Amino acid sequence: MKKRFSDAQIIGFLKEADSGVSVKELCRRHGFSEASYYLWRSKFGGMDVSDAKRLKALEAENARLKKLLAESVLENEVTREALRKKW
């Protein structure tokens, strides 16, 4: 999925809103919905750019580990099935 705004831009928008710009004005100026703003605030609220990069790296690592686990479980299941047929 292609994102329209980078994590750094989103954090910039959130900091701009924290500095006193109204949410409605901020959304109009940068071209996103208020729903997007509140979604981003729930995900990135209180983060710095470095925190967001670390979060993204951890999410990627977590996805990789889940994939490895799924492959391992599948391999074990295939081995068990092959051993059952052998006997």
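The values are calculated or read from the model by the stated rules, or taken from the named source; none is laboratory data. Given the structure is predicted, the values throughout are model-derived calculations rather than measurements. Cβ placement follows ideal geometry from the backbone for every residue including glycine, while neighbour counts extend to all protein chains displayed.
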Ser33 passes all but one of the listed conditions (1) surrounded by 11 or more Cβ atoms within 10 Å (Cβ to Cβ); (2) in the same structural domain as Lys3 (by TED's automatic domain parsing); the exception is number (1)
If you check Phe32, Phe44, which single one turns out to be aromatic (Phe, Trp, Tyr) and under 15 Å from the mean Cα position of the chain (by Cα)? Phe44
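Yes/no per residue for (1) among the charged types (D, E, K, R); (2) outside the structural domain of Glu16 (by TED's automatic domain parsing); (3) within 15 Å of the chain's Cα centre (by Cα):
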{"site": "Ala63", "(1), (2), (3)": "no, yes, yes"}
{"site": "Leu69", "(1), (2), (3)": "no, yes, no"}
{"site": "Ser72", "(1), (2), (3)": "no, yes, no"}
{"site": "Ala82", "(1), (2), (3)": "no, yes, no"}
{"site": "Lys86", "(1), (2), (3)": "yes, yes, no"}
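With the requirement that a residue be hydrophobic (A, V, I, L, M, F, W, C) and not in a loop (DSSP other than H, G, I, E, B), what does the stretch 1-39 give you?
Taking the stretch 1-39 first, the residues hydrophobic (A, V, I, L, M, F, W, C) are 1, 5, 8, 10-11, 13-14, 17, 21, 23, 26-27, 32, 35, 39.
Correct list: Ala8, Ile10, Ile11, Phe13, Leu14, Ala17, Val23, Leu26, Cys27, Ala35, Leu39.
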